[in-house]
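K.L.:
Okay, here's the structure, questions in a sec.
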Amino acid sequence: MRIVFMGTPDFAVPSLEGLAEAGYQVVGVFSQPDRPVGRHHNKLQPTPVKARALSRGIPVYQPETLRDGTALAVLRELEPELIVVAAYGRFLPDEILNLPPKGCVNVHSSLLPKYRGAAPINWAILKGEAETGVTIMHMASELDAGDIILQRSTPISPEETAEMLYGRLAELGGKMILEAAAQIEAGTAARTPQDHTKATLAPMLSKEMSPVDWTRSAQEIFNQIRGLYPWPGASTDIISGEPIKIWGAQVVEKHTDAGPGAIIAASKQGIDVACGELQHVLRILELQPPGGKRMTAAAYLAGHPIQV
RNA sequence: CGCGGGGUAGAGCAAUUGGUAGCUCGUCGGGCUCAUAACCCGGAGGUUGCAGGUUCAAGUCCUGUCCCCGCAA
């Protein structure tokens, strides 16, 4: 089966790799244009999907837009029977969706219809979900709203960060797209419509989500730290007046009458901060001051004593 | 050549106008204690990222270079 693969970040790599390893003819790969990355020289960095495709000798296309007809012409020449999209980062216009005889399918990292959009993995953790998963679906014009082919769930462990979950779901997606591809080739792929009334959105993350609101519960703040890991991260200025990024923390059962955001203890164990409910505090274990490296709370306190 | 911050003891930080490189933690030894991530006493550990330059004198000023971090993506 001739397949065109569209994807950009690490998440999409196992899917591409799986399809290629399974012997499908991946005749072309679309990825986002290389973006300047790097502090000093603004070097262009190939996307993870591009790098993998090139190492396999697959032609790579990186159009700025899919809507000027160029991409459509390229696709017509590639003659894919199926287009597989995984975190490509762009909407596909209808003329592309309708091009491949077997359609376009998408690997999405949530249990659709929940968490449609750009950052489903992060939002599942931010919202304190106990489980999430991967959905393979036929693509529709509307964002992440297509009929479901396959769906599999996985529990989110209490300490898991978005980064860890990201890796797990990428692997899961890589396995599931193979199953789905086989079903599509055999003509047995399911088409289960989503319950659109239960749809929720998982919009792009932004730096504005970083500051911690200490009136929330310790668990909610912990979810924020895990869900925004490693980017944009959770931060607070209650320690030094400057925004310090919180890399690691834990919820500790400890009663306090101190107001939200008050530092009630600072020791080698960590920095305990009062939150919005009295029974628990958030213990900061690992942090990073502006301009500095990330370090343990104990190391930070060695150079920045806090009187409690 | 996009903007900015920073390299000082194992870790984290200080060091006025250039003038004996200090502090906290850790570490080692000893003491106290039923005990401890607690406390007390003592010790070790630095060519201040690297290379040049200015100076009687450079962690500090100048030039170059390597590396780290934040913004931006």
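The values are calculated or read from the model by the stated rules, or taken from the named source; none is laboratory data. Treat the numbers as computed from the prediction; the structure is a model and nothing was measured. Please note: Cβ atoms are built from the backbone with ideal geometry, for glycine as well, and neighbour counts cover all protein chains shown. What goes into the accessible areas is simple: the full protein's heavy atoms, side chains included, and nothing from ligands, DNA or RNA. Shrake-Rupley method; radii C 1.70, N 1.55, O 1.52, S 1.80 Å.
K.L.:
Restricting attention to the range A:14-70, and to residues there that are touching a residue at least 12 places away in the same chain (Cβ under 8 Å) and among the small types (Gly, Ala, Ser), which single residue is nearest to RNA strand B (Cβ to nearest atom)?
P.N.:
Per the criteria, the residue is A:SER31.
K.L.:
Sticking with this one: Mind counting the residues in the range A:233-292 that are within 13 Å of RNA strand B (Cβ to nearest atom), of a type in the set (Gly, Ala, Ser) and over 28 Å from the mean Cα position of the chain (by Cα)?
P.N.:
The total comes to 5.
K.L.:
What number of residues within the range A:24-45 satisfy the criterion of being more than 17 Å from A:ALA86 (Cα to Cα) and touching an Asp or Glu at 6+ places or on another chain (Cβ under 8 Å)?
P.N.:
Residues in the range A:24-45 being more than 17 Å from A:ALA86 (Cα to Cα) and touching an Asp or Glu at 6+ places or on another chain (Cβ under 8 Å): 2 in total.
K.L.:
Still on this structure, please answer the following. Of the conditions (1) closer than 30 Å to A:SER217 by Cβ; (2) touching a residue at least 60 places away in the same chain (Cβ under 8 Å); (3) touching an Asp or Glu at 6+ places or on another chain (Cβ under 8 Å), A:LYS102 satisfies every one except a single condition; which number is it?
P.N.:
The one condition A:LYS102 does not meet is (1).
K.L.:
Collect the residues in the range A:2-13 that are away from RNA strand B (no atom under 16 Å from the Cβ) and surrounded by fewer than 19 Cβ atoms within 10 Å (Cβ to Cβ), keeping them in residue-number order.
P.N.:
Selection gives A:ARG2 alone.
K.L.:
Ok, one more. Give all pairs with beta carbons closer than 8 Å in which a residue from the range A:150-164 that is touching a residue at least 24 places away in the same chain (Cβ under 8 Å) meets a residue that is exposed (fewer than 13 other Cβ atoms within 10 Å of the Cβ); count only pairs at least 6 apart in sequence or on separate chains.
P.N.:
A:SER153/A:GLU131; A:PRO155/A:ALA130; A:PRO155/A:GLU131; A:ILE156/A:ALA130; A:ILE156/A:GLU131; A:THR161/A:PRO230; A:ALA162/A:PRO230; A:GLU163/A:PRO230
K.L.:
Now, a different point. If a residue counts only when it is farther than 18 Å from A:ALA180 by Cβ and under 21 Å from the mean Cα position of the chain (by Cα), which strands (runs of 3 or more DSSP E) contained entirely in the range A:1-67 have at least 3 such residues?
P.N.:
Qualifying strands (runs of 3 or more DSSP E): A:35-37.
K.L.:
Go through (1) of a type in the set (S, T, N, Q); (2) more than 21 Å from A:ARG152 (Cβ to Cβ); (3) touching a helix residue (DSSP H, G or I) at 6+ places or on another chain (Cβ under 8 Å) one by one and return the number of the condition A:ASN98 breaks.
P.N.:
Result: A:ASN98 fails condition (3) only.
K.L.:
Given the criteria more than 21 Å from A:LYS245 (Cβ to Cβ), of a type outside the set (Ser, Thr, Tyr) and in contact with a Leu (Cβ under 8 Å, 6 or more places away or on another chain), does A:GLN194 qualify?
P.N.:
Yes: the conditions hold for A:GLN194.
Residue-wise test of (1) touching a strand residue (DSSP E or B) at 6+ places or on another chain (Cβ under 8 Å); (2) aromatic (Phe, Trp, Tyr); (3) in a helix (DSSP H, G or I); (4) open to solvent by 20 Å² or more (accessible area, probe 1.4 Å).
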position: A:VAL105; (1), (2), (3), (4): yes, no, no, no
position: A:ALA118; (1), (2), (3), (4): no, no, no, yes
position: A:THR132; (1), (2), (3), (4): yes, no, no, no
position: A:ALA140; (1), (2), (3), (4): no, no, no, yes
position: A:ALA145; (1), (2), (3), (4): yes, no, no, no
position: A:PRO158; (1), (2), (3), (4): no, no, no, yes
position: A:GLU163; (1), (2), (3), (4): no, no, yes, yes
position: A:TYR166; (1), (2), (3), (4): no, yes, yes, yes
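K.L.:
I'm trying to understand the selection: among the residues of the range A:71-94, which are open to solvent by less than 10 Å² (accessible area, probe 1.4 Å) and either under 14 Å from A:TYR24 (Cβ atoms) or in a strand (DSSP E or B) (or both)?
P.N.:
Result: A:PRO80, A:LEU82, A:ILE83, A:VAL84, A:VAL85, A:ALA86.
K.L.:
Which residues, taken from the range A:147-162, are in contact with a helix residue (DSSP H, G or I) (Cβ under 9 Å, 6 or more places away or on another chain) and of a type in the set (Asp, Glu)?
P.N.:
Within the range A:147-162, A:GLU159, A:GLU160 qualify.
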